[in-house]
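A.B. asks: Could you have a look at this structure, given as structure tokens, before my questions?
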Amino acid sequence: MKTDRKRARTMTDTTEDRQEVATTAPGSPPAVHKDTNFFEDYGNQSTRRNIVGKILKFSKGDYICDDEEVPLGTKYVVLMDQLLIGWIKWWDNKPESQEMGLLVEGFVPMKREQLGDTDKAEWETDASGKPRDPWQFTNYLVLKPVGAKTEEANLLTFPASSQGAVGTVQELCRTYGKAMRQRPDEWPVVEIGARVYDHKEWGRIKAPTLEVVGWEKKAAA
């Protein structure tokens, strides 16, 4: 079963650490599959949702799902045609609205200034008292455990909004984009991990890694 999701202003029940945020969208338009049927996709939007299955989040170096730690090295098939990109507005630590769409459909996120809420005096503040932008640039990546059936009960959504996490998803997209012509019938298999890098404001930060370690036939996913 393949689960579709929605491009819309909707609310979602996901939560994620908001300490270190990516505040700008990619500068160039996303790649589009040449066989995409935009008319059919638009007609199917009424049945789409943004969160698929359970949430797999990365928090301070650990992957957590259903309040349980997922071991580093766990492998997942990435359903690249389900990658959502765009913006989520947070207020009182809750998602208030979204402007997101499927990358495979050619969705291009708005520029930050087009979203409104630009008066920093009206923003919430973080733990240090600094104004915190309510809009976060976010990616939703859908994963399937290797060997599992493609049923919603087995799927996970990996939300990425920190600078390091968004960069990891973009690196995965670069790897897949280079290989997709030679592997048109396959999805990448990734191994989850963690790395440490120096952030100019927050110091040493842990970020997720999604290393491509294999490929799985789309027919199986």
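The values are calculated or read from the model by the stated rules, or taken from the named source; none is laboratory data. Keep in mind that what you see is a predicted model, and the values were worked out from it rather than measured. Cβ: placed from backbone, ideal geometry, glycine included. Neighbour counts: every protein chain shown. The accessibility values were calculated without ligands, DNA or RNA, using every heavy atom of the protein model including side chains. Shrake-Rupley method; radii C 1.70, N 1.55, O 1.52, S 1.80 Å.
A.B. asks: Would you please give the FRET efficiency between R183 and W123, computed as 1/(1 + (r/R0)^6) with r the Cβ-Cβ distance and R0 = 35 Å, to the nearest 0.05?
C.D. replies: Efficiency, rounded to the nearest 0.05: 0.20.
A.B. asks: Once both labels are modelled 7 Å past Cα along the beta-carbon direction, what's the T150-M110 spacing in nm?
C.D. replies: For the pair T150/M110, the computed spacing is 3.3 nm.
A.B. asks: Treat each spin label as a single point 7 Å out from the Cα along the C-beta direction, and report the V213 to D92 distance in nm.
C.D. replies: 4.3 nm
A.B. asks: Once you have a ≥ b ≥ c as the square roots of the Cα gyration tensor eigenvalues for the stretch 154-221, tell me rounded if a/c is under 1.5, and otherwise prolate or oblate according to whether a/b is larger than b/c.
C.D. replies: Judged from the Cα gyration tensor, the stretch 154-221 comes out prolate (a/c at least 1.5, a/b above b/c).
A.B. asks: Follow-up. With every protein chain left in place, what is the accessible area per residue of the stretch 73-142 in square angstrom, probe 1.4 Å?
C.D. replies: Dividing the accessible area of the stretch 73-142 by its residue count gives 42 Å².
A.B. asks: If you rank M110, M100 by how much accessible surface each has, with a 1.4 Å probe, what is the order from largest down?
C.D. replies: Per-residue accessible area, sorted high to low, gives M110, M100.
A.B. asks: Still on this structure, I have one more. In units of 2.2 N^0.38 Å, what is the alpha-carbon radius of gyration of the stretch 110-191?
C.D. replies: Cα Rg divided by the expected 2.2 N^0.38 Å: 1.51.
A.B. asks: Rounded to the nearest 20 Debye, what is the dipole magnitude of the stretch 107-221 about its Cα centre when Lys and Arg each give +1 and Asp and Glu each give -1 at the C-beta?
C.D. replies: The dipole of the stretch 107-221 has a size of about 460 debye.
A.B. asks: Beyond 30 Å between alpha-carbons counts as too far, so tell me which of K149/K178; K54/K89; K75/K111; K89/K144; K94/K130 fall in that bin.
C.D. replies: Listed pairs above 30 Å: K75/K111.
A.B. asks: Keeping the other protein chains in place, figure out the carbon and sulfur percent of the accessible area of the stretch 94-221, with a 1.4 Å probe.
C.D. replies: Answer for the stretch 94-221: carbon and sulfur cover 49 percent of the accessible area.
A.B. asks: Something else now. If you filter the stretch 135-217 for chymotrypsin sites (Phe, Trp or Tyr not before Pro), then keep DSSP loop positions with at most 14 other Cβ within 10 Å, what is left?
C.D. replies: W202
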